[in-house]
Amino acid sequence: MVAAPLHLPELGADASREYRLGIMGGTFDPIHYGHLVTAEQAREALDLDLVLFMPAGRPAFKLDEDVSDAEDRYAMTILATAANSAFDASRFEIDREGVTYTIDTLRALREYYPDNVKLFFITGADAILDLATWHDAEGMAKLATFIAATRPGYDIDQARARLTNSGVAFDVRYIEIPALAISSTNIRERVSRGKSVRYLTSESVIGYIRKNGLYNRHVIERVDGAQAH
Ligand code: NAP
């Protein structure tokens with residue numbers, strides 16, 4: 001194993017068994033219960049030993065969008081995942097210079113871990129739909145199995161057909177996650193309008209959003225005078 005300053009959790013020590021590492025990729029702006037349920041159900045369904053949450057540094061495909069500071073997104077990820085011993089959070093992508101490409105992360109993890117550690121990249125099905133257009137798609141297909149989290153009603157057959165037609169031999173598993181009715185976009189909008197986001201993400205994340213004025217530069221008072229969560 002290389003002694004790189006990646007600060008990655010140790011895995012793979014027992015050469016006689018296989019380890020399964022989930023990499024939960026996302027912008028996490030902010031992280032919410034939909035993400036946490038996705039990670040937990042992927043862990044259970046695919047018998048993962050650990051799910052490593054990997055907030056994107058400068059997400060590819062979002063270069064012209066406003067994305068919150070990487071340190072804030074990472075801090076919220078730590079807060080939301082802290083209580084689960086099968087979850088961990090990584091600074092790997094936020095510490096990298098330049099645009100975040102998943103292939104770079106997968107290559108680094110593949111080099112870091114021994115061969116008995118299998119990689120599973122978990123993210124939203126809408127992102128997976130475009131997998132074939134990501135940087136070095138062929139390379140990614142060789143390095144990991146992909147887990148696509150879908151919302152109820154998602155057309156999996158169409159997604160499968162699109163990936164099959166791409167000609168790249170991806171191994172993609174789909175998991176339906178009803179809790180993905182929650183979205184980061186909706187949370188940001190609700191915060192900016194002074195609406196409650198309670199029960200959409202953890203109290204610790206809500207506290208962080210409020211304390212740091214994220215998604216809203218002013219603390220908004222509801223009409224009844226109570227502070228919005
Ligand atoms: P996105 O386009 O913002 O998200 C697409 C959809 O998937 C949204 O509905 C989003 O909901 C959901 N989603 C995102 N991450 C999720 C997760 N981990 N679990 C469940 N649902 C999730 O996607 P993104 O955040 O930019 O990218 C997702 C991942 O793909 C990141 O790791 C990114 O680096 C990678 N990616 C790589 C490339 C490349 O290498 N060229 C290109 C695109 C994406 P929320 O908004 O509620 O999260």
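The values are calculated or read from the model by the stated rules, or taken from the named source; none is laboratory data. As the structure is a computational prediction, the values presented were derived from the model and not from experiment. So basically every Cβ, Gly included, is an ideal-geometry build from the backbone, and we count neighbours across all protein chains shown. SASA here: full protein model, heavy atoms, side chains in, ligands and nucleic acids out. Shrake-Rupley method; radii C 1.70, N 1.55, O 1.52, S 1.80 Å.
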Residue match in segment 62-70 (condition: part of a helix (DSSP H, G or I) and acidic (Asp, Glu)): no
Within segment 49-88, tally of residues that are within 24 Å of Gly139 (Cα to Cα) and either modelled with pLDDT under 95 or in contact with a Ser or Thr (Cβ under 6 Å, 6 or more places away or on another chain) (or both): 12
Output the number of residues of segment 55-76 satisfying the condition of being more than 9 Å from the ligand (Cβ to nearest atom) and open to solvent by less than 10 Å² (accessible area, probe 1.4 Å). 2
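Would you check if Phe28 is within 9 Å of the ligand (Cβ to nearest atom), modelled with pLDDT of 95 or more and at positive phi? Show your work before the answer.
Working: within 9 Å of the ligand (Cβ to nearest atom): yes; modelled with pLDDT of 95 or more: yes; at positive phi: yes.
It is true that Phe28 is within 9 Å of the ligand (Cβ to nearest atom), modelled with pLDDT of 95 or more and at positive phi.
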Meets criteria (more than 13 Å from the ligand (Cβ to nearest atom), outside any loop (DSSP other than H, G, I, E, B), in contact with a helix residue (DSSP H, G or I) (Cβ under 9 Å, 6 or more places away or on another chain) and at pLDDT 95 or above) for Leu36: no
Would you call Leu52 in contact with a helix residue (DSSP H, G or I) (Cβ under 7 Å, 6 or more places away or on another chain), within 30 Å of Arg17 (Cα to Cα) and either outside any helix (DSSP H, G or I) or open to solvent by less than 20 Å² (accessible area, probe 1.4 Å) (or both)? no
